[in-house]
1. Is it true that some residue in the range 15-28 is among the hydrophobic types (A, V, I, L, M, F, W, C), in a helix (DSSP H, G or I) and within 13 Å of I85 (Cα to Cα)?
2. Mind telling me which of the residues I85, I106 ends up being assigned to a helix (DSSP H, G or I), in contact with a helix residue (DSSP H, G or I) (Cβ under 7 Å, 6 or more places away or on another chain) and under 22 Å from D19 (Cα atoms)?
3. Could you list all residues from the range 43-57 that are surrounded by 13 or more Cβ atoms within 10 Å (Cβ to Cβ) and over 16 Å from the mean Cα position of the chain (by Cα)?
4. Where the second residue is surrounded by fewer than 16 Cβ atoms within 10 Å (Cβ to Cβ) and the first is without any contact (Cβ under 8 Å) to a residue 24 or more places away in the chain and lies in the range 94-107, which pairs have Cβ atoms under 6 Å and are six or more apart or on separate chains?
5. Does A37 fit the bill of being among the hydrophobic types (A, V, I, L, M, F, W, C) and within 16 Å of the chain's Cα centre (by Cα)?
6. For the range 41-58, which positions are in contact (Cβ under 8 Å) with a residue 24 or more places away in the chain and either among the acidic types (D, E) or in a helix (DSSP H, G or I) (or both)?
7. Any idea how many residues of the range 109-144 are assigned to a helix (DSSP H, G or I) and in contact with a Lys or Arg (Cβ under 6 Å, 6 or more places away or on another chain)?
8. One residue is enough: does the range 94-101 have a residue meeting the conditions open to solvent by less than 60 Å² (accessible area, probe 1.4 Å) and under 14 Å from R13 (Cα atoms)?
Amino acid sequence: MAAAVPKSRTKPRALRKGDKVGIVASASNIKRESLEAGCDGLREAGYEPFYFDSILDRDLYFAGSVERRARELEEMFGRDEIRAIVCARGGYGSNYLLQALNLENIARHPKIFMGYSDLTTLLTWFADAANLVTFHGPMVTKDFVVRGGIDLPSWQNALSGETEWK
């Protein structure tokens, strides 16, 4: 029996200082104060944060309805000016998006997609089903919100196309 030959994954364009970073809340709801503080952290790192006002929607402990979360995530992938998508936070709920997202549309617009915790569901699904490179890494209202909450040189090396870790 022949071994399967893995397809190479689609790599997104590297992230550069000054690029616009889309923020999505694909799972649990977030607070405005944490969102704004995390956006300040992204700005200090040299990026332009962007999010839709409905990111603050709530539906029980979720960040709004499945339809809202899926629509905004797809729209972030479709916007040419958005160079990376960083999740606001994790939490239970991202698994509900799998059936609501148009994976073909997402695959046609490869972007850096980053998160962790329960968002590993989306990271893995985008990697396996859409063949995209995804990034397990810091989130806006959990890590960028804290001064020194991320290792900025590691972030920049991983996302900017650098080949060496510093």
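The values are calculated or read from the model by the stated rules, or taken from the named source; none is laboratory data. Only a predicted model underlies this, so the values are computations on that prediction, with no experimental measurement involved. Please note: Cβ atoms are built from the backbone with ideal geometry, for glycine as well, and neighbour counts cover all protein chains shown. The area values use the complete protein model at the heavy-atom level, side chains included, leaving out ligands, DNA and RNA. Shrake-Rupley method; radii C 1.70, N 1.55, O 1.52, S 1.80 Å.
1. Checked the range 15-28: no residue is among the hydrophobic types (A, V, I, L, M, F, W, C), in a helix (DSSP H, G or I) and within 13 Å of I85 (Cα to Cα).
2. Working: I85 fails: assigned to a helix (DSSP H, G or I).
It is I106.
3. R43, A45, G46, S54, L56, D57
4. Pairs that qualify, where the first residue is without any contact (Cβ under 8 Å) to a residue 24 or more places away in the chain and the partner is surrounded by fewer than 16 Cβ atoms within 10 Å (Cβ to Cβ): there are none.
5. On the way: among the hydrophobic types (A, V, I, L, M, F, W, C): yes; within 16 Å of the chain's Cα centre (by Cα): no.
Here the answer is no, as A37 does not meet what is asked.
6. At the first step, the residues of the range 41-58 found to be in contact (Cβ under 8 Å) with a residue 24 or more places away in the chain are 41-42, 45-51, 55-58.
Hits for the range 41-58 are G41, L42, E48, I55, L56, D57.
7. Matching residues across the range 109-144 total 2.
8. Among the residues of the range 94-101, not one is open to solvent by less than 60 Å² (accessible area, probe 1.4 Å) and under 14 Å from R13 (Cα atoms), which makes the answer no.
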